[in-house]
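This report concerns only the one structure given below.
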Amino acid sequence: MWHYTLQCFECQRESPTREAGFRCKTCGGLLEAKFDLAGRRKPSWDRRHLSVWKYRELLPIEREESIISLAEGGTGLHRCQRLGRKLGLRKLYVKNEGENPTGSFKDRGMTVAISKAKELGKKKVLCASTGNTAASLAAYSARAGMECIVLVPKGKVAGGKLLQVTMHGARIIQVKGDFDKAFATALELADRRRELYLMNSLNPYRLEGQKTLAFEISDQLDSKTPDTVILPVGNGGNISASWKGFTEFQQLSITKTRPRMIGIQAEKAAPIATAVKGKESKIRPIHDPQTIATAIRIGSPVNWPKVLKAIKESKGTAETVTDLEILQAQRDLATLEGIFVEPASATSIAGLKKLRASGKVDPSETVICVTTGHGLKDPSVLERLPKSRTGYNLEITDRSDLDALERIL
Ligand code: F0G
């Protein structure tokens, strides 16, 4: 590990790296790990296999024995020619984060944050979640032998995610209300009971793991920078961590430029997209957000200052998509490319379609859509599929039924 400090994202004041808490003690701003990269060269990591820990010099873990891992990262960057043709793009790639051990990108951050929790001597971990963070934390805390408590919005978490949390033995508290309520409760709990270590994306160590998404994209493209990277946005941890990753690779002269970052939100859960489109410097939280993409059903995203800065610095933008557009994009990706993602992940594809139609993405651009979670996480989508896709019901009792079946095929 190279030397780093924890700094306030707003006032740049340093916090001690042990027991820093999750907000700047002076101004209440978000914290960020800063590696001093001046004069540094790229480490000799080319022969290491693609994974989160390939980049361990740039991860804030002091001792290798602290690392708790389930083999995260190293996900595929898939060239999508058939879908690209449909969207009018020559170079479209999907970085499929559903290939991570618990089926979502959260594992990148979790392996680092749980390793840090171990290094800090923590025994109990806590998070609020729309489902994937909870599933990931439940798995990693089981692996680390820690106690785990997750707060989720009651009745609004996809079935696969609840199954994961339960299977890994975490304690589930179902909170009446939405994610924002669950998060506020988790914050208060962590404040009252100091032995509970908060693992939401307010935890700067988690975002350090998540930045490896950008490192991998750069490596998989042989250090060429894509023009545009499109991600779903909920709390905004992933898009801002990815931007940090692209920035660090540029500082190390591994890449020459940085891509444009585009965030996609669901139409009725879009505080960040609304602020970006309105050129506002702050977001206005949304009361009672709604979308079929339950993973990103968030009205008051905690990382908004980092997201607005990443989008502005990168000359990017944000877009909104409807539930129908999300479901259509989910099916397009599955049928044209064999990649099955959950609805929240499909927002990146749905958003790209809209941006192509409005001319904000050009046919010649190299575009990466990040798909953040596996399709099996949310089986409820089956009920939303057109009947023509869910199959025929045929009882085969005699030859005439077989003849009928043959005619259908
Ligand atoms: N995609 C999926 C599948 C997610 O689960 C999330 C966030 C996001 C995108 C958005 O990422 O918050 O970094 O902007 N899920 C969180 C959770 C909120 O609790 O699992 P973000």
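A compact table of results
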| item | result |
| --- | --- |
| Subset of segment 323-336 (residues that are within 22 Å of residue 104 (Cα to Cα) and surrounded by fewer than 21 Cβ atoms within 10 Å (Cβ to Cβ)) | 323, 325, 327, 328, 331, 332, 334, 335, 336 |
| Scan of segment 277-310 for residues that are over 18 Å from residue 128 (Cα atoms), out of contact with any helix residue (DSSP H, G or I) (no Cβ under 6 Å at 6 or more places or on another chain) and not in a loop (DSSP other than H, G, I, E, B), ordered by number | 277, 305, 308, 309 |
| Residue within segment 43-55 that is in contact with a strand residue (DSSP E or B) (Cβ under 9 Å, 6 or more places away or on another chain) and aliphatic (A, V, I, L, M) present | no |
| Residues of segment 312-322 satisfying the condition of being of a type in the set (Gly, Ala, Ser) and either in a loop (DSSP other than H, G, I, E, B) or open to solvent by 50 Å² or more (accessible area, probe 1.4 Å) (or both) | 314, 316 |
| In segment 269-290, the residues that are away from the ligand (no atom under 16 Å from the Cβ) and either basic (Lys, Arg) or closer than 23 Å to residue 372 by Cα (or both) | 277, 279, 282, 284 |
| Residue satisfying condition, being open to solvent by 20 Å² or more (accessible area, probe 1.4 Å) and more than 16 Å from the ligand (Cβ to nearest atom), within set 83, 87, 77 | 77 |
| Search result, residues across segment 291-310 that are more than 9 Å from the ligand (Cβ to nearest atom) and either closer than 18 Å to residue 350 by Cβ or at pLDDT below 95 (or both) | 291, 292 |
| Options 367, 381; residue that is part of a helix (DSSP H, G or I), β-branched (Val, Ile, Thr) and either under 21 Å from residue 236 (Cα atoms) or within 16 Å of the ligand (Cβ to nearest atom) (or both) | 381 |
| Scope segment 103-127; condition closer than 15 Å to residue 142 by Cβ, within 14 Å of the ligand (Cβ to nearest atom) and open to solvent by 10 Å² or more (accessible area, probe 1.4 Å); matching residues | 106 |
| Residue within segment 149-158 that is within 20 Å of residue 306 (Cα to Cα) and either open to solvent by 20 Å² or more (accessible area, probe 1.4 Å) or of a type in the set (Ser, Thr, Tyr) (or both) present | no |
| Among residues of segment 31-55, those that are open to solvent by less than 90 Å² (accessible area, probe 1.4 Å), in a loop (DSSP other than H, G, I, E, B) and either free of Cβ contacts under 8 Å to residues at least 12 places away in the same chain or aliphatic (A, V, I, L, M) (or both), counted | 5 |
| Sole exception among (1) open to solvent by less than 70 Å² (accessible area, probe 1.4 Å); (2) of a type in the set (Val, Ile, Thr); (3) more than 16 Å from the ligand (Cβ to nearest atom) for residue 396, by number | (1) |
| Qualifying positions in segment 90-102 - out of contact with any Leu (no Cβ under 7 Å at 6 or more places or on another chain) and open to solvent by 20 Å² or more (accessible area, probe 1.4 Å) | 90, 91, 99 |
| Members of segment 275-311 found to be open to solvent by 40 Å² or more (accessible area, probe 1.4 Å) and in contact with an Asp or Glu (Cβ under 6 Å, 6 or more places away or on another chain), listed by number | 300 |
| Total residues in segment 238-254, condition away from the ligand (no atom under 16 Å from the Cβ) and either surrounded by fewer than 24 Cβ atoms within 10 Å (Cβ to Cβ) or within 13 Å of the chain's Cα centre (by Cα) (or both) | 7 |
| Per-region count, segment 7-30, residues touching a Ser or Thr at 6+ places or on another chain (Cβ under 8 Å), open to solvent by less than 80 Å² (accessible area, probe 1.4 Å) and over 17 Å from residue 190 (Cβ atoms) | 4 |
| Lone unmet requirement of (1) touching a strand residue (DSSP E or B) at 6+ places or on another chain (Cβ under 6 Å); (2) open to solvent by 10 Å² or more (accessible area, probe 1.4 Å); (3) within 13 Å of the ligand (Cβ to nearest atom) for residue 260 | (3) |
| Within segment 128-149, considering residues that are out of contact with any Lys or Arg (no Cβ under 7 Å at 6 or more places or on another chain) and among the aliphatic types (A, V, I, L, M), the one farthest from the ligand (Cβ to nearest atom) | 142 |
| Filter result for residue 346 (among the aliphatic types (A, V, I, L, M), farther than 19 Å from residue 99 by Cβ and touching a residue at least 40 places away in the same chain (Cβ under 8 Å)) | no |
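The values are calculated or read from the model by the stated rules, or taken from the named source; none is laboratory data. Note that the coordinates shown come from a computational prediction; the quantities given were computed from them, not determined experimentally. Virtual Cβ from ideal backbone geometry, glycine too; neighbours counted across all protein chains shown. Ligands, DNA and RNA are excluded from the accessible area calculation, which covers all protein heavy atoms including side chains. Shrake-Rupley method; radii C 1.70, N 1.55, O 1.52, S 1.80 Å.
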